[in-house]
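Data first, discussion second: the structure below is written as structure tokens.
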């Protein structure tokens, strides 16, 4: 084996005539890496040029976005600057709007129209089933549906409330609160009876509705409302339950018939569900009791609240202060004040979400469903069904 120096390279000759040019291999690898880096730099430059040309073609100046900055500190600084500029512009627009309003009030002109905020509710997808005030077919159907006899005061509502077969203490506690909310409601223990037998018994006893409180893992999680004698049957998912005893400074409801408030049931399905809920309560409220039961629909979630409004007489601070007469030193107090109305929550408090609406009474095998919620329906946040 011999070693030779040729141009700074070491050539090794052995038995197998093997020669290795270490420096030549290193130079080749370095050149390939440099070529890759140059090529990637050219690609990045081409991308940024295309972005800038796209922005230039749209008519605006090239704008530096925080997402284009890789350095965290610089990105945070740019984002803070953009946020501050938006805040200053918003404050400037608010001052200009206040100036226009004050000027219109001074001159006796009409106030400028207020801007309506963009929300999910007012940008909902167009729905053909939304009820219109001049829909004659809808009003004609109201006189012939299953709830017309109760809503027309021809028959008083009578409710049977029961639980599922395996329930916990929270289920009867919710039923106790519901009995205080719904007049003419009676609780029957479930025992081992089948639900179809219970519906048959309720029909014989002339009940108008059956409410079943379903419990899972010691917590009520569903509500089944069955209209009698011909249905329909609505299945609701129950969540965010707060019993009356858990509400701070709750009020105790009286035995008066409550006033019922239904909000935002706008579609045909929502109208039908609203009439089902409405048939649970008497249609002649006693306003002397000052009780209000509210079912508020928002984004297909039905929020239940039970309040009692109270009138209070509060004295004004100017008249409430005791004034001393300088001459006699006597104290005098003026009896003037104003009446204030406030709400006191009675409970319970929970949220309902409709999962299915079935024709007729409860029948899991041969029942025909009017509407069933499926996961593929939740493709858009601006699509509502109630």
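The values are calculated or read from the model by the stated rules, or taken from the named source; none is laboratory data. Just so it is clear, the structure is predicted and the values come from calculations on it, not from any experiment. So basically every Cβ, Gly included, is an ideal-geometry build from the backbone, and we count neighbours across all protein chains shown.
Residue count for the stretch 239-256 satisfying the condition of being under 28 Å from residue 149 (Cα atoms) and either at pLDDT 95 or above or surrounded by fewer than 14 Cβ atoms within 10 Å (Cβ to Cβ) (or both): 1. Residues of the stretch 214-232 include none that is closer than 17 Å to residue 356 by Cβ, assigned by TED's automatic domain parsing to the domain that holds residue 160, part of a helix (DSSP H, G or I) and in contact (Cβ under 8 Å) with a residue 24 or more places away in the chain. Summed over the stretch 286-313, the residues that are in contact (Cβ under 8 Å) with a residue 60 or more places away in the chain and in a loop (DSSP other than H, G, I, E, B) give a count of 2.
State yes or no: is residue 145 at pLDDT below 90 and either more than 28 Å from the chain's Cα centre (by Cα) or surrounded by 11 or more Cβ atoms within 10 Å (Cβ to Cβ) (or both)?
On the way: at pLDDT below 90: yes; either more than 28 Å from the chain's Cα centre (by Cα) or surrounded by 11 or more Cβ atoms within 10 Å (Cβ to Cβ) (or both): yes.
So residue 145 fits the description; yes.
Scanning the stretch 233-285 for residues that are closer than 26 Å to residue 366 by Cα and either touching a helix residue (DSSP H, G or I) at 6+ places or on another chain (Cβ under 6 Å) or assigned to a strand (DSSP E or B) (or both) turns up 233, 234, 235, 236, 237, 238, 279. Which of the following residues is touching a helix residue (DSSP H, G or I) at 6+ places or on another chain (Cβ under 9 Å) and without any contact (Cβ under 8 Å) to a residue 12 or more places away in the chain: 187, 193, 201? Checking each option against the conditions leaves just 193. Scan the stretch 237-255 for residues that are at positive phi and over 23 Å from the mean Cα position of the chain (by Cα) and the total you get is 1.
Filtering 174, 160, 111 for residues that are outside any helix (DSSP H, G or I), touching a strand residue (DSSP E or B) at 6+ places or on another chain (Cβ under 6 Å) and either in the same structural domain as residue 371 (by TED's automatic domain parsing) or modelled with pLDDT under 90 (or both) leaves a single hit, 160.
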